[in-house]
Amino acid sequence: MKKKKPSKMISFFLILAATLLQHCAKDAGLPATDNDTGLKTMIKEDHVFGQSFPFESEMLEGEKTIFIYVPDNYNEGSKHYPVLYVLDGGDYFESFAGMVKYLTLFDMIPEMIVVAIAHGDRLREFTYTKADTTTGNWPTSGGAESFRKFLSEELIPHIDAAYRTHPFRILVGHSLAGLFAVETLSRNPYLFQATIALSPSLYWNQFEWLKKAESFLSKHDVLKHYLFITGEPKDEEETAYLDNFMELVDEKAPKDFSYEYRCLPEEDHGSVALPGLYSNLKQLFRGWRFPGEAWEMGPEKVKAHFQLLSDRFGFPVPITEEFLNGHAFHGLRRHNAPDEAIRLFEFCLALYPNSAEANEGLGEAFEHKGMKEKAIEYYQKAVNLDPSRTSLREKLKDLEKKPSS
């Protein structure tokens, strides 16, 4: 039996459907079909997140792989940044650095450099005493002091010399690395300014670190440090030790020492790291975001907020040009508040005299108020500072032609 040829109407609809599929694929960014070649080849590019480099260590008598992430605009300015040091870096670099990038995107924490160190023998690097017979037969344990010297005498000086860093360092570790982090606080309390221990193995050698915590706390009259311990539900013995440590902190902690313990009941030892770091970074930098509308609250409240942050963390937190202009434009365009915007733009120019953006904002605010000559004055300044503002140049020409009101 001969196959029937499709009717002209059916052929028409088949061609129409194929054409529509091609257009939909093109609009969606997908490769279109081609009768001769099939699917067209998609152009793919590697997406690189951070860098890694080998670091030769005399302290460890070998090579360490170091991963590093810097903020996207690092090479565009001269800002300095706090540094987050991540232990077990081969496991946690991408996720932890990605979290930092996310939190900074919404201004919940400052922009930071992330330095992650790949581990070797974790028992050797992260435990500070040999395992006793009741803990287990782990002959390589007890080498943490060499790893700590690698950090303090080799890696940290290298990072501070090679990158623009602030003297505010955070150490984060999970499990045995969390044990190392809190023990580093005990033995070298000024090496880091904040410690985040995620489900730390505080059971090591029959809770040795917790038993000696009173001695550590009693050594200092003043110690400005932030300690966060986060974990999953613990057994009764470990919970009792953590409760005792909390009582010790309440009674004997040095001045300016801040401690917080959090239990995340829905997590386990493996899953606690990401939500733990997220909540601890937010808590460490609570109040970082400006608490309100800067255009409405005015320059004095802005100065007070950033001075408070600088005093609290021990490094200068600048009032950025982007912050001031962004808030000023928000007040002008969204809230019809030209006078408030003018105050903020003028404050911006006091800090950044060559800000074309602030001059343009003042021009827009004065134009909004019907003050043509003032608007022209500031528009012209903006164009002089940034000749690439072609649309503003055209706007200026049109404004100059309009009769004064």
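Towards the positive end of the charge dipole of the chain, with charges on Cβ (+1 Lys, Arg; -1 Asp, Glu), say which of Ile109, Tyr261, Ala356 has the farthest Cα.
With unit charges placed on the Cβ atoms, the residue in question is Ala356.
For a quick check, take a GNM of the chain with Cα springs below 10 Å and name the residue from Ser78, Ser175, Ser391 with the largest mean-square fluctuation.
Ser391
Starting from the range 230-300, pick out the trypsin sites (Lys or Arg not before Pro) whose DSSP state is loop and whose Cβ has at most 10 other Cβ atoms within 10 Å.
Here the trypsin sites (Lys or Arg not before Pro) that fit, given the DSSP loop and packing criteria, are Arg286.
Could you line up Cys263, Cys348 from fewest to most neighbouring Cβ atoms inside 10 Å?
Cys263, Cys348
So, by mean Cβ neighbours within 10 angstrom, what's the order for 147-160, 113-126 with the highest one leading?
Ranking the peptides 147-160, 113-126 by packing returns 113-126, 147-160.
Among the DSSP beta bridges whose two residues both lie in the chain, what percent are antiparallel, rounded to the nearest 5?
30 percent
How much length would be gained if the chain were fully extended between Leu399 and Asn188, taking 0.36 nm per residue of separation minus their Cα-Cα distance, in nm to one decimal?
Between Leu399 and Asn188, full extension yields 69.5 nm more.
Calculate log10 I(q)/I(0) of the range 294-401 for q = 0.24 Å⁻¹, where I(q) comes from the Debye formula with a single equal point scatterer on each Cα and nothing for solvent.
The calculated log intensity ratios at q = 0.24 Å⁻¹ are -1.25.
Take the chain, drop everything but the C-alpha atoms, weight them equally and run the Debye formula without solvent; then report log10 I(q)/I(0) at 0.06, 0.12, 0.14 Å⁻¹ to two decimals.
-0.41, -1.00, -1.18
Springs between alpha-carbon atoms under 10 Å, Gaussian network over the chain: tell me which of His335, His47, His305 tops the mean-square fluctuations.
Ranking His335, His47, His305 by mean-square fluctuation puts His47 first.
Run the helix sum for the chain: -39,500 (n - 2.57) per DSSP H stretch of 4+ residues, divided by residue count, reported at 222 nm to the nearest 500 deg cm²/dmol.
Rounded to the nearest 500, the figure is -15000 deg cm²/dmol.
Name the residue, out of Leu332, Leu227, Leu309, whose mean-square fluctuation peaks in a Gaussian network model built on the chain with Cα pairs under 10 Å.
Leu332
Pull out the extension gain between Leu274 and Glu322, defined as 0.36 nm times the separation in residues minus the alpha carbon to alpha carbon distance; nm, one decimal.
Contour length minus Cα-Cα distance gives 14.2 nm.
On each of the three principal axes of the Cα atoms of the range 51-284, give max minus min coordinate, whole Å, ordered largest first.
52, 39, 37
So between Tyr74 and Ala161, what do we pick up on full extension, going 0.36 nm a residue minus the alpha carbon distance?
Once the chain is fully extended between Tyr74 and Ala161, it gains 29.8 nm.
Laboratory data are not the source of any read-out in this text; all were calculated from the coordinates shown. Quantities reported herein were computed from a predicted structural model and do not represent experimental measurements. Virtual Cβ from ideal backbone geometry, glycine too; neighbours counted across all protein chains shown.
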